[in-house]
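Colleague: Sharing a structure, written as structure tokens. Questions coming.
The values are calculated or read from the model by the stated rules, or taken from the named source; none is laboratory data. Since the structure is predicted, the reported quantities are computational estimates derived from the model, not experimental observations. Methodologically, a virtual Cβ is constructed for each residue, glycine included, from the backbone with ideal geometry; neighbour enumeration extends over all protein chains shown.
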Amino acid sequence: MDILNYIGLLGGLALFLYGMDLMSDALASVSGSKLKQILESLTSSNLKGILLGAGITAIIQSSSGTTVIVVGLVNSGIMTLNQAASVIMGANIGTTMTAWILSLASISSDNLLIELLKPTSFFANPSSYRCYFDNEEKVSEE
């Protein structure tokens, strides 16, 4: 890597951090105490926070987006770290809902990537075990 790549990397990181700071300031000035009360009631328990994070992520289809918003809310003092941890955990759970929605909707495609998103692709077919072990016995006999 040459020096221009390092400068680009540092510039991008600085721009990202500046954007986070700008978003935190804007959230703090716009929200007021009403948003803080709403978030306190929605995340009063860890389970509620997890469900909130999963629901938001299922709607916007981006756990990264949910995490960035939550980090901005914590940075501006609207949410506590404990509330944010449960919401971010729920966001990570919610991002898996896409695969379950695909499998429940019985979406089928010839595209391998869409088929790999389905939860059924994570379970091995018992016949594949039989083929594997049959081949293993043949190899050991030779």
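Colleague: Is it the case that LEU52 is modelled with pLDDT of 90 or more, part of a helix (DSSP H, G or I) and surrounded by 17 or more Cβ atoms within 10 Å (Cβ to Cβ)?
Modeller: In short, yes.
Colleague: Does the stretch 58-79 include one or more residues that are loosely packed, with under 15 Cβ neighbours inside 10 Å and under 18 Å from GLN37 (Cβ atoms)?
Modeller: Checked against the condition, which is being loosely packed, with under 15 Cβ neighbours inside 10 Å and under 18 Å from GLN37 (Cβ atoms), the stretch 58-79 yields at least one hit.
Colleague: Does ASP25 satisfy the condition of being under 24 Å from the mean Cα position of the chain (by Cα) and modelled with pLDDT under 85?
Modeller: When the stated conditions are applied, ASP25 does not pass them.
Colleague: Tally up the residues in the stretch 60-83 that are within 12 Å of the chain's Cα centre (by Cα) and of a type outside the set (Gly, Ala, Ser), please.
Modeller: Residues meeting the conditions: 5.
Colleague: Taking the options SER31, SER44, name whichever one is touching a residue at least 24 places away in the same chain (Cβ under 8 Å), under 18 Å from ILE78 (Cβ atoms) and either polar (S, T, N, Q) or not assigned by TED's automatic domain parsing to the domain that holds GLN83 (or both).
Modeller: Result: SER31 is the single residue among SER31, SER44 that is touching a residue at least 24 places away in the same chain (Cβ under 8 Å), under 18 Å from ILE78 (Cβ atoms) and either polar (S, T, N, Q) or not assigned by TED's automatic domain parsing to the domain that holds GLN83 (or both).
Colleague: Residue check, ASN5 against (1) exposed (fewer than 13 other Cβ atoms within 10 Å of the Cβ); (2) under 25 Å from GLY90 (Cα atoms), all met but one. Which one?
Modeller: The failed condition is (2).
Colleague: Then there's this: Among (1) more than 26 Å from ILE93 (Cβ to Cβ); (2) in the same structural domain as ILE88 (by TED's automatic domain parsing), where does GLY11 come up short?
Modeller: Among (1) more than 26 Å from ILE93 (Cβ to Cβ); (2) in the same structural domain as ILE88 (by TED's automatic domain parsing), GLY11 violates only (2).
Colleague: Another one. Hey, among THR43, THR95, THR67, THR57, which residue is modelled with pLDDT under 85 and among the hydroxyl-bearing types (Ser, Thr, Tyr)?
Modeller: Unique residue meeting the criteria: THR95.
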